Amino acid sequence: MSEVTLPKEIFKERSVPRHPLSGEPNITEIPISFPALGSISLKGVLGQPEEPHILYFPSEYDEEIDAAYLASGFSLKGGSFFWLPYQDAIPEKDTHFFLKLCRKAVEDFLKYKGKENRPGPVVLMGRSLGTASALDAFSKFEESLLCLVLESAFAETEAFFRALGCGELGDFEDPFLNRKKMSALKKAVLFLHSHGDSIVPIRDVEWLVCESRSKASQFQIVPSSDRWDLSYKGGALYFDTIWQFIGLRMGRRPKRRPRRPIHQGS
C-alpha cells in the first residue's frame, strides 16, 4: 500500500498575532545528513552545555519568526533550542519521508551533542503536525532522551486532516499511529492544548493523553483563542511551565516563593 502524502493544503498561511523579538538571536546551524534532500540543517541557539537542549519539530503554520521566538524564550532560561525547518521540504512528500527525516535529525543532533561535549539532556518538542514526528522520533530514541513536550497534538490523523480541510484518508491506514506509539512510551510527556482549539477539541486530544503510561505526565490547558497563538498568549508562563516540567525530570525542585511575614494584631 502506498504511503499517505502530506498535501499542500496543510501548509497554508495562518493569521497569527506574533510578538516582536527583543533582539535577533545568534543562530547556529547543524547540518543533517539526509541525501534525499541534498542539504538541510537544524537551526537554533546554543545555551549552557549542562542545561537542557530542546529539539523542536514545527507546526504546519509556523514561520521562522515563531521558532526564533521560542528559541529566544528558552535561551533566557539558559537552555539550547533547535528546530528543523522542514516546511518547504515535506509538502507532497509521503509521511514515511517526513518521519525518516525527523528521526535522522534526532540521531545527528545526539551525535553533535556528544562530539561537542554538551552533557545537558535532550528534550523533544513538537507542535501540531510536528507532534507526530516528535512522538515517532521519541519512540525510537527514548533511552537517550529526557522527556517529550507536545503542543496542540492530535490522536487520530484522519480527523486532524479533515479539520484542516485536507479531505479523508480513504482506504489508507493511519500513517502516524499516535495513540499506539504513545502507549509504548515509558517517560513523561507534557501536553499543552488551547481551551479554544478549533482543529482538535480537548475531548479529542484526551484520547492521546490517556495513552501515556508515565505518572509524571501532565496535561495543561492554556487559555488562548485558538492553537495558532498559544505560545504568544501564554507569554512568560508558557516558558516557565515547560522549563519547570523539564527541571522536575532532572530532579530540580521548583523555586519556592518567599513567604510574606505574618503581621499579628496588637
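The values are calculated or read from the model by the stated rules, or taken from the named source; none is laboratory data. Computed from a predicted model, the values in this text were never measured in an experiment. Virtual Cβ from ideal backbone geometry, glycine too; neighbours counted across all protein chains shown. These accessible areas exclude ligands, DNA and RNA; they are computed on the full protein's heavy atoms, side chains included. Shrake-Rupley method; radii C 1.70, N 1.55, O 1.52, S 1.80 Å.
All alpha carbon pair distances within the chain were sorted into 10 Å bins beginning at 0; the resulting P(r) in whole percents reads 6, 31, 37, 19, 4, 2, 1, 0, 0. 3J(HN,Hα) couplings calculated from phi for region 33-47 with the Karplus curve 6.51 cos²θ - 1.76 cosθ + 1.60 (θ = phi - 60°) are, in sequence order, 7, 9, x, 4, 10, x, 8, 8, 10, 6, 10, x, 10, 7, x Hz; Gly and Pro show x. With a cut-off of 11 Å between beta carbons, the residues surrounding Trp207 carry a summed charge of -2, where Lys and Arg count +1 and Asp and Glu -1.
Heavy-atom surface analysis with a 1.4 Å probe gives the chain a carbon and sulfur content of 49 percent of its accessible area. Holding the Cα-Cα limit at 31 Å, pick out from Lys77/Lys187; Lys111/Lys233; Lys77/Lys104; Lys12/Lys215; Lys77/Lys186; Lys12/Lys111 the pairs that are longer than that. In this structure, Lys111/Lys233; Lys12/Lys215; Lys12/Lys111 exceed 31 Å between Cα atoms. Taking amide H as placed 1.01 Å from N in the peptide plane, the amide H of Ile32 sits under 5 Å from that of Ile40, Ser41, Leu42, each at least 5 places away or on another chain.
Just from its helices, what would the mean residue ellipticity at 222 nm be for the chain, if runs of 4 or more DSSP H residues each count -39500 (n - 2.57) and the sum is divided by every residue, rounded to the nearest 500 deg cm²/dmol?
Values: 7 runs with 88 residues, N = 266.
It comes out at -10500 deg cm²/dmol, rounded to the nearest 500.
Of all DSSP-defined beta bridges confined to the chain, some 30% are antiparallel rather than parallel. Electrostatic bookkeeping for Ser224 treats Lys and Arg as +1 and Asp and Glu as -1; over the other residues with beta carbon under 15 Å from its beta carbon, the sum is 0. Listed by chain and number, the aspartates and glutamates whose C-alpha is less than 12 Å from the C-alpha of Lys93, apart from same-chain residues fewer than 8 away, are Glu3. Summary value for region 92-181: 27 percent relative contact order, contacts being C-alpha pairs under 8 angstrom separated by 6+ residues.
Using only Cα coordinates, the Kirkwood hydrodynamic radius of region 77-154 works out to 13.2 Å. For the chain, relative contact order (Cα pairs under 8 Å, six or more residues apart, normalised by length) works out to 17 percent.
Counting only other residues whose beta carbon sits under 13 Å from that of Gly114, what net charge do I get with K and R as +1, D and E as -1?
Numbers: positive: Lys111, Lys113, Lys115, Arg118; negative: Glu107, Asp108, Glu116.
Here the count lands on +1.
Tell me, Kirkwood radius of region 144-254 from alpha-carbon pair distances, in Å?
Working: mean 1/r = 0.0668 Å⁻¹.
Computed over region 144-254, the radius equals 15.0 Å.
Looking at the chain, the accessible area is 50 square angstrom per residue; that uses a 1.4 Å probe and ignores ligands, DNA and RNA.
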